[in-house]
1. Starting at the first residue of the range A:93-106, write each ³J(HN,Hα) from the Karplus equation 6.51 cos²θ - 1.76 cosθ + 1.60 with θ = phi - 60°, in whole Hz, x for Gly and Pro.
2. Pop out the ³J(HN,Hα) list for the range B:127-135 in order, Karplus 6.51 cos²θ - 1.76 cosθ + 1.60 with θ = phi - 60°, rounded to Hz; leave Gly and Pro as x.
3. Under a point spin-label approximation (7 Å from Cα along Cα-to-Cβ), what is the B:Glu84-A:Thr102 distance to one decimal in nm?
4. Amide H of B:Arg206: which non-local residues (sequence gap of 5 or more, or other chain) have their own amide H closer than 5 Å, using H built in the peptide plane?
5. Residue by residue through B:81-91, how many Cβ atoms from other chains fall within 10 Å of the Cβ on average?
6. Starting from the amide H of B:Leu147, placed 1.01 Å from N in the peptide plane, find each other amide H under 5 Å away whose residue is 5 or more places distant or on another chain.
7. Could you compute the FRET efficiency for B:Ala32 and A:Glu51, with r as their C-beta to C-beta distance and R0 at 35 Å, rounded to 0.05?
8. If we count other beta carbons within 10 Å of each Cβ, what is the order of B:Glu231, A:Glu61, fewest first?
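Every number here is computed from the coordinates shown, using simple stated rules; none is lab data. Given the structure is predicted, the values throughout are model-derived calculations rather than measurements. Ideal geometry is used to build each Cβ from the backbone, glycine not excepted, and the neighbour counts take in all protein chains shown.
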Amino acid sequence: MGFNLLRAITLSGVPAMKFPFRSKALPMLFMGATLLTFQGPAYAHGGGKAEHGGVLQMVGETSFELVVKTDGVELYVEDEGEETPSAGLTAKLTIINGTTATEATLDSTDTNMFVGKGLKIVRGSKVAVLVTNKATMAQTGANFSIK
Amino acid sequence: MNNIVRIVAAFALSLGTISAAQAHGIWFAQRATQLALIYGIGADDLDSVKRQPLVKSVAGYDAEWKPIVTSLRVAGPLLLVETESQPTIVTAVLENGVWSKTPDGEWIKKGKDEVPNAVISEHTVKYTTAIRGPLSSQIPALPDQTLQVVPVGTAIPVTLGKPIKVRVLFQGKPVKGAEVIADFVNDPDGKPLKSAANGIVTLKVRNQGLNVIAATYVGPADDPTKVDRVEYRATLTFVLPHAPE
């Protein structure tokens, strides 16, 4: 399908980084879709590599890796390349498909991963991620567009 | 003498040549990773917390322009934005009240009914829109943004120096003659360009980082007993990413 590159693009849509993908990694992505990510500099402060077969978005020092699976969604959070325990955070996804917006709160785990079991994300959807630190209420967000 | 000053001021105002008074504005900017509402001009990042009571609205919208629950919270000296989900744009309105300028150049927060020697009195309102995510469609005229600056279309340049076409809307419609500057933070005294009849101005993107485009439009007095005019100031902010490190 020619999706051998996962291209993360900036807010304005220009490629900022490329992720080489081996063909066996492709099934991990929903229908081999190209995920376009927005906002924030890439490779700016470490932690700039997708490690779970998803697409990475850097927002300052924070990285979000969104993994779209056939049976749900995973979100991994790192700060300056260090895993951020999801137990100290909340994560909310807004999935916009056409004029329909679906919101979902992801479940934390004992690692830096959030899970959203059963969440369906189809091609053409926009996914907005908002993570809030429970202690400081600091919020960091990112936007993904799935093509 | 005062009458002469007022006459000259009124004449200049009628020509639209008076420099913008009470030149402060509001915009959103990142502070310690968080989105903060800034009040100031140029490098003057002033006391926004003190002005929180003047903030009449703050709003967030998703990619389909549906409202997102949005609020401000005080965090030390900052006013930080809190949203229930990740917004595509956020907006705010600050009602800055009535101000009068005395012949010696001092601004007093009173109407001309209380400052009889005022050379100009104005009601000032500040608006701002910040782009926080990719635009999938044209930013619409938003209900609380009496004056609004929006990019034409959905594409934002990715490098400084590239042209960007913006449209100035007043009460939801394109307005002619609004004065627009490309960089309210780093060049607040820059020579403004005036919007055309279709509200459009083409600027060069100034910064590979935060860009704050500001538009000023002067309208007729809403209360002629107190002010000579209403000054509307709107900003549009967006960020161009820096190169990979």
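1. Result, ordered by residue: 10, 10, 9, 10, 10, x, 9, 9, 10, 10, 10, 8, 9, 7 Hz.
2. 10, 8, 9, 10, 8, 10, x, x, 8
3. Using points 7 Å along Cα→Cβ, the separation is 1.9 nm.
4. Sorted by chain and number, the residues that satisfy this are B:Gly161.
5. 5
6. Here the answer is B:Gln171, since their amide H atoms fall under 5 Å of that of B:Leu147.
7. 0.85
8. By the 10 Å Cβ count, ascending: A:Glu61, B:Glu231.
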